[in-house]
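Scroll down for the structure; my scribbles are underneath it.
We did not get these values from a lab; they are worked out from the coordinates using the rules stated. On a predicted model such as this, the values are computed, not experimentally measured, just so you know. Note that we place each Cβ from the backbone using ideal geometry, even for glycine, and neighbour counts take in every protein chain shown.
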């Protein structure tokens with residue numbers, strides 16, 4: 001067997017493809033290819049596929065940067081020193097998101113549904129922009145005001161389903177629901193206060209796997225979990241171990257809440273019941289350190305997930321494993337990224353508040 005390593009650029013958290021040439025013996029023989037790493041849990045094998053040319057493709061995802069040995073039929077290659085090196089991921093801006101028609105002035109939040117529909121929260125124009133998959137303007141939702149369906153500094157946005165969005169209406173201290181297909185207001189819940197189901201400047205909103213709404217209740221220094229009707233289910237982070245100081249973002253992943261604790265310059269992880277588990281990062285500019293983290297996003301590759309973080313004051317996006325190990329970052333200088341999301345076709349969309357743009361990253 002021989003391996004093709006020409007132009008091989010392996011990056012942590014991304015799928016790699018190593019080509020195996022069966023030049024010895026019967027090229028159609030069955031054999032097993034094993035990609036291993038010490039510790040073994042740091043690599044995920046996606047699969048082994050035979051191409052039309054008779055070559056075999058070993059597809060795997062290196063979870064972290066490091067050296068990976070390749071084994072065939074349980075035996076190391078003839079060159080016992082053969083390795084492939086996975087480097088940290090380097091993300092760059094491909095282009096601005098090409099939006100047609102009316103466009104946002106200060107995009108601060110973004111979400112995409114399974115059909116590629118894009119929702120952008122504009123904190124300056126006090127509305128939500130809806131664009132088609134190719135960036136065609138469809139409509140705006142909301143306008144400045146306090147009445148139902150009106151907005152005052154909307155910050156976070158998420159899709160409740162393919163037809164409806166939830167908006168963190170920050171200065172109205174509530175969450176509002178809109179139908180994006182017909183452009184109508186559906187309902188709102190919350191109101192200013194410190195009680196359960198009340199908010200002070202909610203900064204982001206997302207969903208868990210059970211249909212609950214998760215709100216980063218920023219100025220109350222807590223996370224609230226509610227039903228879709230706004231009934232309180234759980235709150236945490238406002239006292240004790242893991243106390244939050246202005247949480248700007250939150251995602252729910254595999255039974256855990258991951259929170260961007262902005263004024264503590266770190267991420268904090270809590271279990272499903274709201275019990276604090278651990279801290280990721282601290283204040284600084286080096287890899288893995290942060291300064292006022294904002295939006296979070298889970299990027300999926302096969303069964304592997306990368307945690308992407310808007311590192312606001314450091315002007316970059318950082319990538320971590322979902323356990324909190326640094327694995328990559330943007331190599332371009334952003335000014336103040338606040339939110340990011342992935343699209344069905346694999347793009348990463350990022351809002352830069354100070355530049356007033358939505359960028360496509362790769």
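Shown for 69, 217, 287, 352: other C-beta atoms within 10 Å of each C-beta, ranked fewest to most, produce the order 287, 69, 352, 217.
Hydrodynamic estimate: the Kirkwood radius of segment 91-361 over Cα pairs, inserted into Stokes-Einstein at 4 °C and 1.567 mPa s, corresponds to D of 72 µm²/s. Ordered by the number of other Cβ atoms lying within 10 Å of each residue's own Cβ, fewest first, 290, 91, 207 fall into the sequence 207, 91, 290. Descending by average beta-carbon neighbour count within 10 Å, the peptides 298-305, 220-227, 168-175, 354-361 line up as 168-175, 220-227, 354-361, 298-305, the highest first. Largest GNM mean-square fluctuation among 340, 151, 241, using the chain with Cα springs under 10 Å: 241.
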